[in-house]
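> Mind having a look at this structure? Questions to follow.
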Amino acid sequence: MSRRKFLKKSVFTAGSLILGSCVEVNSKNHTVLLGATMPVLKKPIVIATWNHGLAANKAAWEILKNNGPALDAVEKGVRVSESDENNRSVGLGGLPDKNGMVTLDACIMNHENECGAVGCLTDIEHPISVARKVMEDTPHVMLVGQGAYDFAIEKGFPKVDLLTAEAKLEWENWKASEDLKKPAINCENHDTIGMLAMDAEGNISGACTTSGWAYKLHGRIGDSPIIGAGLFVDNEVGGACATGMGEAVIRIAGSATVVELMRHGKSPQEACEIAVKRIMNKHKNMEGLQVGFLAMNNKGEVGAYSVYAGFNYAVTSVDNHELIDAGYEMEW
Ligand code: SD4
């Protein structure tokens, strides 16, 4: 495993986010934003993890461009991934747990530190909207399992069979394989969508939704629905979200850590890098342990970083709609 060297300074075509920033072009000819010299984007802005973030951002942008609230934008945005049955790691079509059940985790947080979450939710296509209902219609932050399901049904969400034929087949193949105890943890089965939006008013909201670690033990909840781990927003500072192995993110209160680092003066890029390095320091065995953070501060700077190569994120603002490869510590 080799440590990446960040050296190059380049200027790119007009309209590109990375114009004049410190960047590197990687082997796939994708751009990677580096260091503390992020450009400041003009609000509104929406950013989201992985390449499914592009379609999700597009939906969020419909709200933001009409001066709509960031909270509506992030909900609408991640619902696109939740309904995409070709996506094996979020909502409908997500890979199931060890027992063949699709169990979903999600949370949402607004600019007033109000938040809602659901964990281990079954048979509901849009956990993010249930999380928003928990935030808005109850005095609680988090509902899990049967209670979350009953609440969703009571609120009028339809019951949906989330296990598609393709996901079922993959699960059956996994069961038949020798890998029963040790499901691979990699970018193929770890693709949560985390989204952060700043609206025209400058208010930030975030959303995070996932079917979690494929073939997990039944009842396992990752970082994604845990406020402070998979997502954290403080409008006075900015927001952060996480993807990758949730257990490692929870151990360092990942997203809250990134926001606190920004509160103390770090750029989003620096904050994500420090959080990744903290995870590396706290784990003796980093083999296959992928974690990525994505952050935005209230000035409109963004940053991202991951343990292993391969993490990317979508950035959409009035001048941009593009996918950017995050910097990272190690090659796979
Ligand atoms: C989890 N963090 O359940 C989630 C999975 C994930 O990209 O992020 N996938 O641990």
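The values are calculated or read from the model by the stated rules, or taken from the named source; none is laboratory data. Given the structure is predicted, the values throughout are model-derived calculations rather than measurements. Here the Cβ positions follow ideal geometry from the backbone for every residue, glycine too, while neighbour counts run over all protein chains shown. Please note that ligands, DNA and RNA were not included when accessible areas were found on the heavy atoms of the full protein model with its side chains. Shrake-Rupley method; radii C 1.70, N 1.55, O 1.52, S 1.80 Å.
> So what's the convex hull volume per residue for the Cα atoms of segment 171-319, in Å³?
115 Å³
> For Thr122, enumerate residues with amide H under 5 Å from its amide H, sequence gap 5+ or separate chain, H modeled in the peptide plane.
The answer is Leu104, Tyr149.
> While we're on this one: Using θ = phi - 60° and the Karplus relation 6.51 cos²θ - 1.76 cosθ + 1.60, list the HN-Hα couplings for segment 93-109 in order, rounded to whole Hz, with x at every Gly or Pro.
Each residue of segment 93-109 in turn: x, x, 6, x, 7, 4, 8, x, 9, 7, 10, 10, 10, 7, 8, 9, 8 Hz.
> Using 17 Å as the cut-off for backbone N distance, which residues of segment 47-80 belong to the label zone defined by a point 7 Å from the Cα of Lys155 along Cα→Cβ?
Those under the cut-off are 71-80.
> Given the whole protein assembly as supplied and a 1.4 Å probe, what does the accessible area of Glu287 come to in Å², nearest 10?
Its accessible surface works out to 150 Å², give or take rounding.
> Next question. If amide hydrogens are placed 1.01 Å from N in the peptide plane, which non-local residues have theirs closer than 5 Å to the one on Met330?
Tyr308, Ala309
> Still on this structure, please answer the following. Provide the solvent-accessible area of Lys282, counting protein heavy atoms only and rolling a 1.4 Å probe, rounded to the nearest 10 Å².
Here the residue's solvent-accessible area equals roughly 140 Å².
> Ranked by accessible surface with a 1.4 Å probe, highest first, in what order do Asp161, Asp137 come?
Ranked from most to least accessible, the order is Asp161, Asp137.
> Strictly over 24 Å apart at the Cα level, which of Lys175/Lys284; Lys43/Lys266; Lys65/Lys159; Lys76/Lys98; Lys76/Lys159 would you flag in this model?
Working: Lys175/Lys284 29 Å; Lys43/Lys266 20 Å; Lys65/Lys159 33 Å; Lys76/Lys98 30 Å; Lys76/Lys159 19 Å.
The answer is Lys175/Lys284; Lys65/Lys159; Lys76/Lys98.
> Accessible area, 1.4 Å probe, largest first: how do Trp332, Trp174 sort?
Putting Trp332, Trp174 in descending order of accessible area: Trp332, Trp174.
> Another question, if that's okay. Report the one residue of Gly238, Gly219, Gly254 whose Cα lies farthest in the direction of the positive end of the charge dipole of segment 200-264 (charges on C-beta: Lys and Arg +1, Asp and Glu -1; origin at the Cα centre).
Gly219
> Shifting gears a bit: What number do you get for segment 48-304 when its Cα radius of gyration is normalised by 2.2 N^0.38 Å, N = residues?
Against the compact-globule rule of thumb, the ratio is 0.94.
> Give me the extension gain from Ala165 to Glu62: residue separation times 0.36 nm, minus the current Cα-Cα distance, reported in nm with one decimal.
So the chain would gain 33.9 nm between Ala165 and Glu62.
> Follow-up question, since we're still on this one. Compute the separation of the alpha-carbon centres of segment 246-261 and segment 106-126 and state it in Å as a whole number.
Taking the Cα centre of each part, segment 246-261 and segment 106-126 sit 18 Å apart.
> Something else: Which aspartates and glutamates, if any, have their Cα less than 17 Å from the Cα of Lys282, not counting same-chain residues under 8 positions apart?
Lys282 reaches Asp223, Glu247, Glu273, Glu329.
> Expected output is a single nm value to one decimal: the length gained when fully extending between Glu85 and Trp332, i.e. 0.36 nm times separation in residues minus the C-alpha distance. What is it?
That pair, Glu85 and Trp332, stretches by 86.2 nm at full extension.
> With every protein chain present, what accessible area does Lys42 have (1.4 Å probe, heavy atoms only), rounded to the nearest 10 Å²?
Its heavy atoms expose roughly 140 Å² to the probe.
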